[in-house]
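Below: the structure, in structure tokens.
The values are calculated or read from the model by the stated rules, or taken from the named source; none is laboratory data. As the structure is a computational prediction, the values presented were derived from the model and not from experiment. Here the Cβ positions follow ideal geometry from the backbone for every residue, glycine too, while neighbour counts run over all protein chains shown.
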Amino acid sequence: MRLKGKTALITGAAQGFGLGIAETFVKEGARVAVLDLNGDKAKEAAKAIGRKAFAVTCDVSMAKSVDKAVERVIAKFGRLDIVVNNAGTTHRNMPMTEVPEDVFDRVFAVNVKSIYLMTKATVPHFREHGGGVILNIGSTAGIRPRPGLTWYNGSKGAVNLLSQSMAVELAPEKIRVNAIAPVAGETPLLATFMGEDTPEKRAQFRASIPWGRLSTPQDMANAALFLCSDEAEMVTGTVLAVDGGRCI
């Protein structure tokens, strides 16, 4: 078991990539806090995963909610070794000037501010315990952007770059920081990315991926498992594109 004895906090873990990561981490020996804005779904996910999973309701864009969630997780598990900042949202695929201001604000609050808030809440604990691991879920949208998703692309570009900057600053304290940049995947956000969920749109998205398919939660879980395990002890500041070759 590659995460035996480890404890992990995963945001947006009630479905999609986050759920896949949570399930895999538990299979590999970790205890996992399943954080999600939808508390009922978080409880359902934790129950399905098993006794090593613990559900916590959390709005990652709000400081008080993040602080309270982290306090609950540490109280439950006694310590924290891994944080996966997976929670994310997007605006609908549309011309950039048509995205409402409140939607823009929400995208950056959930995708970018959440990392700031979670870092402030967890890095002091990592420092106290001699190190830790942070994994941010960025996107290929921040490397090779698609039209119609400009503000989402910008938020994920920020995640990718922040991960590298965080890694440099925190390395002397033995806190590793990496990012995964997924290509479009089979998650609840896919229809929003496409603008409309039709066979034609799906074919268009698949055609942009040399490997010939969309990504899956298990693809991301496999990458996350390596980056958060001790096998990756020398890996920090990496933005790993899990993209079937799309960004080449």
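I need the full set of residues from segment 52-70 which are touching a strand residue (DSSP E or B) at 6+ places or on another chain (Cβ under 9 Å), charged (D, E, K, R) and free of Cβ contacts under 8 Å to residues at least 12 places away in the same chain, in order please. Scanning segment 52-70 gives a single hit, K68. Within segment 185-241, the set of residues being hydrophobic (A, V, I, L, M, F, W, C), within 17 Å of the chain's Cα centre (by Cα), outside any helix (DSSP H, G or I) and at pLDDT below 95 comprises L189 only.
Residues A181, A171: which one is under 30 Å from K4 (Cβ atoms) and assigned to a helix (DSSP H, G or I)? Residue meeting the stated conditions: A171. Listed by first and then second residue, the pairs linking a residue in segment 168-181 that is within 15 Å of T122 (Cα to Cα) and touching a residue at least 60 places away in the same chain (Cβ under 8 Å) to a residue that is among the polar types (S, T, N, Q) and in a helix (DSSP H, G or I), with Cβ atoms under 7 Å apart and 6 or more places separating them unless they lie on different chains, are V177/S163.
The residues of segment 112-141 that are assigned to a helix (DSSP H, G or I), under 14 Å from the mean Cα position of the chain (by Cα), within 19 Å of T236 (Cα to Cα) and not aromatic (F, W, Y), listed by number, are I115, M118, T119, T140. Between I134, I115, I175, I143, the distinction of being at pLDDT 90 or above, surrounded by fewer than 20 Cβ atoms within 10 Å (Cβ to Cβ) and β-branched (V, I, T) belongs to I143 only.
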